[in-house]
Amino acid sequence: MENKFNHFDPDGNAVMADISEKKPTRRVAVASGEIKVGREVMQTIADKTNKKGDVLGTARIAGITATKRTSDLIPMCHPLMLTKCSVDFEVFEPEFKIRAVCTVKTEGKTGVEMEALTGVSVSLLTIYDMCKAVDKRMVISDIRLVSKSGGKSGDFFFAEEPSRKECE
């Protein structure tokens, strides 16, 4: 019987997927996520008065660094040579919300979705860490893959509500 799972060998042992025969292609992934903060946290971020320093600047660096360390954190991820990474923020002051968007690119044999998701997650965690002394009641949510291109599975764009038929 052929093993249908590429992260397990025939004996059920965890293994890294073999991508040695795949052809390199241009790969791009975009992920996003949000953090809801209170009025005081939003004020310290907007005014750049947080005692720990530039919150969004530090979170950007943390997110970029995280993309490069994804294979150290997620056991079956392949180490990748990234060709581009960016972390950008949209600040919605009236809603007390910050959205992080991470874009990662490579030319390779496997995708960069996990790198983009890791970059977003760590950037949001860094905002939390830098602001928790002001208020611990922050909520990180809606972390998702927004889009990806390249590779055998083709392009993907996140749809808000997949139909029930798509899920079955």
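The values are calculated or read from the model by the stated rules, or taken from the named source; none is laboratory data. Please read these numbers as outputs of a predicted model, since none were measured by experiment. Because the Cβ atoms are built from the backbone with ideal geometry, glycine has one as well, and the counts that use them run over all protein chains shown. Surface accessibility is based on the protein's heavy atoms, side chains included, excluding ligands, DNA and RNA. Shrake-Rupley method; radii C 1.70, N 1.55, O 1.52, S 1.80 Å.
For the reader, a short list of remarks on this structure follows.
- Flag set for ALA31, criterion: touching a Leu at 6+ places or on another chain (Cβ under 6 Å), under 18 Å from THR106 (Cα atoms) and either in a loop (DSSP other than H, G, I, E, B) or modelled with pLDDT of 95 or more (or both).
- In segment 61-168, counting only helices (runs of 4 or more DSSP H) that sit wholly within it, the ones holding 2 or more residues that are open to solvent by less than 40 Å² (accessible area, probe 1.4 Å) and polar (S, T, N, Q) span 70-73, 113-131.
- Residue in segment 19-39 that is farther than 19 Å from GLY150 by Cα, in contact with a strand residue (DSSP E or B) (Cβ under 6 Å, 6 or more places away or on another chain) and open to solvent by 30 Å² or more (accessible area, probe 1.4 Å) present: yes
- Single condition THR44 does not satisfy, out of (1) open to solvent by less than 30 Å² (accessible area, probe 1.4 Å); (2) over 19 Å from SER147 (Cβ atoms); (3) in contact with a strand residue (DSSP E or B) (Cβ under 6 Å, 6 or more places away or on another chain): (3)
- Answer residue from segment 77-111, given it is among the β-branched types (Val, Ile, Thr) and modelled with pLDDT of 95 or more and is farthest from VAL15 (Cα to Cα) among those: VAL91
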